[in-house]
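Here the structure comes first, spelled out in structure tokens, and everything after it is commentary.
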Amino acid sequence: LRHFNIPIFIPELACPFRCVYCNQFNITGSCKAPDADVVRQIIDKHLTTLPVERGRVEVAFFGGSFTGLGIAEQNKYLDLMKPYIDKGRVQGIRISTRPDYISEEVLQNLKGRSVVAIELGAQSMDDEVLILSGRGHTVSDVVEASRWIKSMGLELGLQMMTGLPGDTFQKSMETAMQIVACQAQTTRIYPTLVIKDTPLAELYASGQYRPQSLSEAIDLCARLYDLFADANVKILRMGLHPSEGFISQSTLIAGPYHSAFGELVLSKVWQNRFELNPGFSNGKEVNISVHPSDLNAAIGHKGQNKLLLYNYYSKVRFIADVHLPKNEFYVDIYR
Ligand code: SF4
């Protein structure tokens, strides 16, 4: 079954926190939370275009801290889903929120209203990085909320960021290891970007913050990808989707933004696999077989991995082989 999410963006209105990289805290007045009619219209529109008979459909409330809304407000949105769920047109609800906005009472309410998955913005599992980033919660908040979510039998997602103030390659790797230790089933990896009208933009302007370069972010995320893949943690996204925030050319000041960021990371993952594999010995021609779903990533963004291999072989062929497991490959060298 394919999985389809119907996204409903709930902006963080009047957020009391001030994460250094975020410009959402001041959007009150310029952005409106969707009302019941708008939510229904979004769902109906998606249901008419999605091949729902071949998939599982979930409604995903994202963008803000859903459980930061009052219980009545949360229920107003959740109860709108009931007719869709009762008729089997939607199978569940996903929400994203902050780790310190989770309590047993909140979880009971969500679970009783068909919420099946909760994604927490963990961002880092290093308290110093969290403080420097103005997150307003601690690592133990993430660990405790994760434990509650798991104990209620809900799917747990833990999102992380790279390149936060005070962050390092090693700290990001340790964050990923702790996300695995919390038994998250899914993750999202967002490299930090410097956005206009944020405290981070001021730090950047005064030289107190240096963003990751695009290649640093890609190298790190490729390592994170392997770590999560080995631990069976599904990566739902790498890099910020332009529609997910308020990012446009005029608001983005600096940082490792690329519209095909996830694709670049996957290319790097496969480049590392080829470079580190002793199976690549001298020869004239090479055939590389991969699972069909890995073909594009193995060939690389704009064919970059294939081009690299042409430095060593006069002919390079990539073959889709449905019998190979995902993330594995088979090499034939012709001398
Ligand atoms: S990222 Fe931080 S400041 Fe921005 S909306 Fe979320 S909690 Fe508030």
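The values are calculated or read from the model by the stated rules, or taken from the named source; none is laboratory data. Just so you know, these numbers come straight off a predicted model, no measurement behind them. When we count neighbours, we look across all protein chains shown, and the Cβ atoms used for this are built from the backbone with ideal geometry, even at glycine. These accessible areas exclude ligands, DNA and RNA; they are computed on the full protein's heavy atoms, side chains included. Shrake-Rupley method; radii C 1.70, N 1.55, O 1.52, S 1.80 Å.
Tabulated values for the structure
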| quantity | calculated |
| --- | --- |
| 20 Å Cα-Cα reach of Lys268 towards lysines, excluding residues that sit fewer than 8 places from it in its own chain | Lys234, Lys302, Lys306, Lys326 |
| Cα radius of gyration and Dmax for segment 218-335 (Å) | 16.2, 54 |
| Whole-angstrom Cα spans of segment 179-283 along principal axes, big to small | 52, 37, 26 |
| Cα long-axis angle, helix 261-276 against the chain (0 to 90 degrees, to the nearest 10) | 40 degrees |
| Angle in degrees between helix 71-80 and the longest Cα principal axis of the chain, rounded to the nearest 10 | 60 degrees |
| Highest-fluctuation residue, Tyr310, Tyr101, Tyr190 considered, GNM on the chain with Cα pairs under 10 Å | Tyr310 |
| q = 0.08 Å⁻¹: log10 I(q)/I(0) that the Debye formula gives for the chain, counting C-alpha atoms only | -0.43 |
| Label-point separation in nm, Asn109 to Glu285, each point 7 Å along Cα→Cβ | 6.6 nm |
| Exposure of Leu266 as accessible area (Å², to 10), given a probe of 1.4 Å and all protein chains | 50 Å² |
| Interchain or long-range residues, amide H under 5 Å from Ala60's placed H | Ile6, Ile8, Arg94 |
| Distance (nanometres) between label positions extended 7 Å along Cα→Cβ at Gln208 and Asp230 | 3.7 nm |
| Helix 214-230 axis, angle to the chain major axis (alpha carbon atoms, nearest 10°) | 90 degrees |
| Residue-normalised accessible area of the chain, expressed per residue, 1.4 Å probe, Å² | 48 Å² |
| DSSP-defined beta bridges in the chain - what % are antiparallel, rounded to 5 | 15 percent |
| Qualifying trypsin sites (Lys or Arg not before Pro) for segment 1-107 [loop in DSSP, other Cβ within 10 Å: at most 16] | Arg18, Lys32, Lys87, Arg89 |
| Span per principal axis, largest first, for the Cα atoms of segment 104-177 (Å) | 40, 21, 14 |
| Reachable lysines from Lys87, criterion Cα separation under 23 angstrom, eight or more residues apart if same chain | Lys45, Lys76, Lys111 |
| Accessible area in the full protein assembly, largest first, 1.4 Å probe, for Asp197, Asp167, Asp79 | Asp197, Asp79, Asp167 |
| At 1.306 mPa s and 10 °C, Stokes diffusion of segment 246-313 via Kirkwood alpha-carbon radius, µm² per second | 115 µm²/s |
| Cα gyration tensor shape for segment 69-208, rounded if a/c is under 1.5, else prolate or oblate | prolate |
| For His291, residues with placed amide H under 5 Å, excluding near neighbours | Asp321, Asn327, Glu328 |
| Gaussian network model of the chain, Cα within-10 Å springs - most flexible of Ser259, Ser133, Ser172 | Ser259 |
| With every protein chain in place, the chain: carbon and sulfur % of accessible area (1.4 Å) | 52 percent |
| Radius of gyration and Dmax over the Cα atoms of segment 13-132, both given in Å | 15.9, 48 |
| Under-5 Å amide H pairs with Met161, H placed in peptide plane, nonlocal only | Gln123, Ser124, Tyr190 |
